[in-house]
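Taking it in order: structure first as structure tokens, then the write-up.
The values are calculated or read from the model by the stated rules, or taken from the named source; none is laboratory data. As the structure is a computational prediction, the values presented were derived from the model and not from experiment. Reconstructed Cβ throughout: ideal geometry from the backbone, glycine too, with neighbour counts over all protein chains shown.
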């Protein structure tokens, strides 16, 4: 199962496009859109009734998007079940979006002049239920000469809590923390990247919760928007988790 | 006996047969018993229409394995699979960047693909790694819009070995469908980039138009239709394009 998310910012407009089709199976029945938001320390999950759609896609504009709202699509879920349960955890509500290739939405950001950029996004359920660390180079997807480089760290965690944790910018050569910032679970966290952080030796590292690092560059109204791969995508041999664990251990030693 | 059955089931023709009839179909095959594999996407370069391409990559062997004396060979091809040149880069940094413009390619204004293979200086290798790093594209200026690699294509077992392929599998006929998970009717113009990740020719169809992708070739196709949902039918199990969308003098690039 995949969750989807939008972004809200004064810097750009956002549109989330979620397909209603699967690649390898035909649709059975009506597809519904559900929204989850934390309310009074529980997940409030409700079926959305008013949004734009056509036979192939669901469209959510920025009026419906926020940095703490998440979405999933499903066959109809019994309304009684949804309302009567105080959801103390996000669960795998259905397997509608468990597909191969991955079931993805398109998240597009744009400005009023016409610049736009997007990527095919999803937040897999397997990430929601885990704690862990994230490692990503600040240099790979940014433009040093941009007017603005922004890092977004999106976390979705199964428990309905907004807990702070730190992201560290670490110089891997000097083994020094050059910046640290408090970020939050179940939020889209925004961090401005000044030029000093866009060094080829600088990596972001979190050691408590997983998140997806998204990079936005803006120059003369042009936009670039993309995410980095998690480290395990680079190693395919059986020792992959061992190697990555050793690497992350080194970064953990720097922050502890 | 089990080994024999496994060997038979992994025969190329048998896999194509399995994929044709969706009997234990297999999209990706990586032999984890191999000790040495450096796998690469077939990354798009383009210098046509005032495009410049930037390639950002990490020294995977140094970063994850702490190996010294590592190097990469990057092999550039035309769209028809003719070799243009090979670049061997030693003295790698953890983060590396190459700018591919027409000067870099001896005046070629066109498009094609390149593969990158990571090695260490002695012949002993013991890893399976994949470079799925990051391409930036700029048009008429020096601002790059980024996209990550998304299709394992070719590999080498060591610096002196032949380039091998067929990680991505085929079926016998065009019975595989992949729908782009975005509404493409919103743009003035859309291009799809496909690279053949197999050693066979790939036949594919976008809506009603038929195309052929020869072994070792790649193709940029300008979409003729502006349907909301675009279906790609092919005999390849994973034929996902890099997508360029154009509107109001701006462009966006992302993987399908």
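The one condition from (1) in contact (Cβ under 8 Å) with a residue 12 or more places away in the chain; (2) over 22 Å from residue B:178 (Cα atoms); (3) away from chain B (no Cβ under 11 Å) that residue A:98 does not meet is (2). Among the residues examined, residue B:77 qualifies as touching a residue at least 60 places away in the same chain (Cβ under 8 Å) and more than 14 Å from every other protein chain (Cβ to nearest Cβ). Say whether the condition of being within 28 Å of residue B:243 (Cα to Cα), in contact with a strand residue (DSSP E or B) (Cβ under 8 Å, 6 or more places away or on another chain) and more than 14 Å from every other protein chain (Cβ to nearest Cβ) is met by at least one residue in the range A:205-217. So far as the range A:205-217 goes, yes, one or more of its residues are within 28 Å of residue B:243 (Cα to Cα), in contact with a strand residue (DSSP E or B) (Cβ under 8 Å, 6 or more places away or on another chain) and more than 14 Å from every other protein chain (Cβ to nearest Cβ). May I ask you to verify whether residue B:87 is away from chain A (no Cβ under 14 Å), surrounded by fewer than 19 Cβ atoms within 10 Å (Cβ to Cβ), in contact with a strand residue (DSSP E or B) (Cβ under 9 Å, 6 or more places away or on another chain) and at pLDDT 95 or above? Here the answer is yes, as residue B:87 does meet what is asked.
If the condition is being out of contact with any helix residue (DSSP H, G or I) (no Cβ under 8 Å at 6 or more places or on another chain), part of a strand (DSSP E or B) and crowded, with 17+ Cβ neighbours inside 10 Å, then the range B:180-202 contributes B:191, B:192, B:193, B:194, B:195, B:202.
Restricting attention to the range A:52-67, report how many residues are within 14 Å of chain B (Cβ to nearest Cβ), touching a strand residue (DSSP E or B) at 6+ places or on another chain (Cβ under 6 Å) and either part of a loop (DSSP other than H, G, I, E, B) or surrounded by 13 or more Cβ atoms within 10 Å (Cβ to Cβ) (or both).
Within the range A:52-67, the first condition is being within 14 Å of chain B (Cβ to nearest Cβ), and the residues that meet it are A:52-61.
Checking which are touching a strand residue (DSSP E or B) at 6+ places or on another chain (Cβ under 6 Å) leaves us with A:52, A:57-61.
Applying the additional criterion that residues be either part of a loop (DSSP other than H, G, I, E, B) or surrounded by 13 or more Cβ atoms within 10 Å (Cβ to Cβ) (or both) yields A:57-61.
The total comes to 5.
Listed by position, the strands (runs of 3 or more DSSP E) contained in the range A:149-256 that have at least 1 residues being surrounded by fewer than 18 Cβ atoms within 10 Å (Cβ to Cβ) are A:164-171, A:176-184, A:188-192.
The set of residues from the range B:137-149 being surrounded by fewer than 24 Cβ atoms within 10 Å (Cβ to Cβ) and over 15 Å from the mean Cα position of the chain (by Cα) comprises B:137, B:138, B:139, B:140, B:141, B:142, B:143. Checked against (1) under 15 Å from the mean Cα position of the chain (by Cα); (2) within 14 Å of chain A (Cβ to nearest Cβ), residue B:35 passes all but a single condition, namely (1).
Going by the structure shown, is residue A:23 farther than 19 Å from residue A:156 by Cβ, touching a residue at least 40 places away in the same chain (Cβ under 8 Å) and part of a loop (DSSP other than H, G, I, E, B)? For residue A:23, the condition - farther than 19 Å from residue A:156 by Cβ, touching a residue at least 40 places away in the same chain (Cβ under 8 Å) and part of a loop (DSSP other than H, G, I, E, B) - is met. Taking the criterion of being more than 26 Å from residue A:236 (Cβ to Cβ) and facing chain A (nearest Cβ under 10 Å), would at least one residue in the range B:194-216 satisfy it? Checked the range B:194-216: no residue is more than 26 Å from residue A:236 (Cβ to Cβ) and facing chain A (nearest Cβ under 10 Å).
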